[in-house]
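The values are calculated or read from the model by the stated rules, or taken from the named source; none is laboratory data. These figures come from a predicted structure and were not determined experimentally. When we count neighbours, we look across all protein chains shown, and the Cβ atoms used for this are built from the backbone with ideal geometry, even at glycine. Surface accessibility is based on the protein's heavy atoms, side chains included, excluding ligands, DNA and RNA. Shrake-Rupley method; radii C 1.70, N 1.55, O 1.52, S 1.80 Å.
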Amino acid sequence: MSPLTPSEKVKLERLLCMEGGYVLGFSNTSFESLFHHFDVEIYAEKYDRRGSSKANRLRSFWEVEIDGLVGRVLLELIDSARDPEEELRNDCMAIANRLVAGGPNLVKLSETADRLDATDIKRQLSRIEGAVSSDPELAIGSAKELIETCCKTILDERGIAIRENTDMSELVKATLKELKLTRDDIPDSRQGAETIRRIVSNLGSIASSVNDLRNWYGTGHGRTGNRTLSPRHAQLVVGSASTLVQFLFDTHNDQASKSGPSH
């Protein structure tokens, strides 16, 4: 089952003109033929759970099949769309590419960015989703920028002043300190204190490792032409960075909801 969220489905349905049971300008025959290219019998019984129209069969297909297959079919359908809005088309391409790559699902983080009205983070997430499979170096570079932007956003919301040229390591340390996520913030009396301390210590290590890989392989620095990474490496880096960023935002928001604004 592909992990399409309601908001992603709305975008896809809008681009593919699925209102009224149709899918773009496909006839029953041409619709069936498109799916044959992917060895899919779209008029099989398992795709009529929502109804027999082309749109409903496509919705059932999204619910039944694996990410990669759904993504490949979506790319073909998106390519068939005539004169779509550029932003909508780009959003749908990013969704399809994520599914094809089997990459990290950044939807929750995107929704967090919406709540924070963090447009820079939204742009970075869109760039990452589209690049994991096609441009791993760009995805890795953008993952590093994502962590930086997250830290700057949290520190700014808490009224913590930072120098304009503050580097990644300092930003992460300042954020962890502000969120009370350092080893010293874990009391000895807490059950599993040492284990929690090790986990907390690794938060900074994730950011440092992403930064190191970006310097070696990602965009933003001159590098020799034989340094390349595969999409699976980009998935690992992006997945680690996005997990860290989501945890930092969740901690920030949780603390704010319990105690109100700190400053």
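List of remarks:
- Looking across the stretch 172-196 at every residue that is in a loop (DSSP other than H, G, I, E, B) and open to solvent by 60 Å² or more (accessible area, probe 1.4 Å), the one that is nearest to T251 (Cα to Cα) is identified as K180.
- Per the listing R163, R127, R158, the residue uniquely of a type outside the set (A, V, I, L, M) and out of contact with any helix residue (DSSP H, G or I) (no Cβ under 7 Å at 6 or more places or on another chain) is R163.
- Scanning the stretch 47-58 for residues that are touching a residue at least 12 places away in the same chain (Cβ under 8 Å) and touching a Phe, Trp or Tyr at 6+ places or on another chain (Cβ under 9 Å) turns up Y47, S53, K54, A55, N56, R57, L58.
- Of all residues in the stretch 116-154, those that are part of a helix (DSSP H, G or I) and touching a Ser or Thr at 6+ places or on another chain (Cβ under 6 Å) total 11.
- Given (1) open to solvent by less than 10 Å² (accessible area, probe 1.4 Å); (2) of a type outside the set (V, I, T); (3) at pLDDT below 80, index of the condition L74 fails: (3)
- Looking only at residues of the stretch 1-11 that are in contact with a helix residue (DSSP H, G or I) (Cβ under 9 Å, 6 or more places away or on another chain) and more than 14 Å from E63 (Cα to Cα), we find that the one that is surrounded by the most Cβ atoms within 10 Å (Cβ to Cβ) is K11.
- Within the stretch 126-145, restricting attention to residues that are under 11 Å from the mean Cα position of the chain (by Cα) and surrounded by fewer than 24 Cβ atoms within 10 Å (Cβ to Cβ), the residue that is modelled with the highest pLDDT is R127.
- Cross-chain or 6+ apart pairs with Cβ under 6 Å, the stretch 146-171 first and surrounded by 16 or more Cβ atoms within 10 Å (Cβ to Cβ), then outside any helix (DSSP H, G or I) and among the polar types (S, T, N, Q): R158/S262
- So S169, is it within 19 Å of N215 (Cα to Cα), assigned to a helix (DSSP H, G or I) and either within 13 Å of the chain's Cα centre (by Cα) or not hydrophobic (A, V, I, L, M, F, W, C) (or both): yes
- Of all the criteria given as (1) under 27 Å from L106 (Cα atoms); (2) crowded, with 18+ Cβ neighbours inside 10 Å; (3) modelled with pLDDT of 95 or more, the one not satisfied by N56 is (2).
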